Amino acid sequence: MTINTDALIIGAGPAGLFQIFELGLLGIKPDIIDSLPEPGGQCTELYPDKPIYDIPGIPYCTGQELIDNLMKQAEPFEAGFHLGEEVVQVTPEDGGFRVVTHIDKEFFAKTVFVAGGVGSFQPRKIRLPQAEEIEGTQLHYRVRDPSRFDGKRVVILGGGDSALDWAQDLAPRAATLTLVHRRDEFRGAPATVDAIRHLESEGKAEIITSATASGLGIEDGRLVAIDVKLPNDEIRTLEADELLIFFGLAPKLGPIAHWGLDINRKTVNVDTEKFETNIPGIFAIGDINSYPGKKKLILSAFHEAALAAFAAKAIIEPGKKVHLQYTTTSPIMHERLGVEADE
Ligand code: FAD
């Protein structure tokens, strides 16, 4: 089944989220896709608790607070959210674009907004022979269903929040749980580190630090053990049914590079009147775009989203005159925002 939409936004970082709002003000209800399971892009992936001081009119907010507010601001426009899906294909067709995600969900969009930032975030992978062979069966970079680890011998590699949170969650349900970290200090929240040390004192988990995985024991195509190199260069073999790896996420331009867009050093060239790419009907906003004087700042993305929305409106409703209206005084904008005139 194809989802038909006037506007499809690729990327739910601050640029993509504000694009919903700007389109919504013009009466356009978009769909939005992100490869991450949560909206927010770099703000929530890289600095959710860190302060931002240069959002106009907001003297201070954290990365997460900004995203929460952008989500709230976009709420009246009821965009279709498709999270945890990577857009792999964008192909021009008569009157629009066919867009396909990695799970083969298909859209037909009259206009497309690429708000892909520095690319889609992908888990950093381990480089060990045969790792790819067991990826998705016994080697995982994210937990989809915690119950699959019940009663299993689980090894977790990593020292950040994801590794620690999952170690804490899975230790009580796994047969054994071993957390292996290459440094002697953890990067994650101290309270979680304390909780896991407590689980270790109860015999429910084991922590091995300053150690790295050096090999996978695979028999008949199945993982049975993991070799870990200890600080004294000794190798310890851990029997294992499941391996979870949390080495962080790295952005990759990924599929965007293959859609026929004019790419300039991992960014997409646009004009500064409409923020349209070399393909009419495809716009690019936020960190992904490039033009003379571009600054990769959130406030630049907001301006770009406003102008791109006006340009898209002219494609979606050709011939219709679009007047600039103020949210303060325009009854039609109040109606779209779902607010009373004097609110
Ligand atoms: P992103 O936030 O990168 O979001 C892009 C989204 O697109 C991602 O979620 C990604 O998963 C998704 N995506 C990409 N490709 C695909 C695909 N093919 N399919 C599906 N989804 C895809 N800026 C400021 O203005 N002020 C600051 O104080 C500030 N502080 C910062 C601090 C740090 C530590 C960092 C790293 C950046 C900071 N920035 C700051 C920069 C700011 O975060 C970026 O300018 C902003 O996030 C760009 O927004 P975006 O929506 O364009 O891209």
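With respect to PHE113, is the statement that it is more than 18 Å from the chain's Cα centre (by Cα) and part of a strand (DSSP E or B) true?
Taking the combined requirement at face value, the residue does not satisfy it.
Here is a list: PHE18, PHE81. Which entry is of a type in the set (Phe, Trp, Tyr) and more than 10 Å from the ligand (Cβ to nearest atom)?
PHE81
How many of the residues in segment 290-312 are within 16 Å of the ligand (Cβ to nearest atom), out of contact with any Ser or Thr (no Cβ under 6 Å at 6 or more places or on another chain) and not in a helix (DSSP H, G or I)?
The qualifying residues number 5.
Of these, LEU66, LEU70, which one is among the aliphatic types (A, V, I, L, M) and touching a Leu at 6+ places or on another chain (Cβ under 8 Å)?
Exactly one of LEU66, LEU70 is among the aliphatic types (A, V, I, L, M) and touching a Leu at 6+ places or on another chain (Cβ under 8 Å), namely LEU70.
Kindly evaluate ASP34 against the criterion of being over 20 Å from the mean Cα position of the chain (by Cα), near the ligand (Cβ under 9 Å from one of its atoms) and of a type outside the set (Gly, Ala, Ser).
Spelling it out, it is not the case that ASP34 is over 20 Å from the mean Cα position of the chain (by Cα), near the ligand (Cβ under 9 Å from one of its atoms) and of a type outside the set (Gly, Ala, Ser).
Give the number of residues within segment 265-319 that are modelled with pLDDT of 95 or more, of a type outside the set (Phe, Trp, Tyr) and on the phi > 0 side of the Ramachandran plot.
Total satisfying the criteria: 3.
Looking at ILE256, ILE315, ILE279, can you tell me which residue is aliphatic (A, V, I, L, M) and assigned to a loop (DSSP other than H, G, I, E, B)?
Residue meeting the stated conditions: ILE279.
Please state which one of PRO51, PRO39, PRO59 is surrounded by 17 or more Cβ atoms within 10 Å (Cβ to Cβ) and at negative phi.
Numbers: PRO51 fails: surrounded by 17 or more Cβ atoms within 10 Å (Cβ to Cβ); PRO59 fails: surrounded by 17 or more Cβ atoms within 10 Å (Cβ to Cβ).
Residue meeting the stated conditions: PRO39.
Of ARG236, ARG265, which residue is among the basic types (Lys, Arg) and outside the structural domain of ARG153 (by TED's automatic domain parsing)? Write out each step before concluding.
Values: ARG236 fails: outside the structural domain of ARG153 (by TED's automatic domain parsing).
Of ARG236, ARG265, the one residue that is among the basic types (Lys, Arg) and outside the structural domain of ARG153 (by TED's automatic domain parsing) is ARG265.
The values are calculated or read from the model by the stated rules, or taken from the named source; none is laboratory data. All of these numbers come straight from a predicted model, not from anything done at the bench. Glycine gets a Cβ as well: all are built from the backbone with ideal geometry, and neighbour counts include every protein chain shown.
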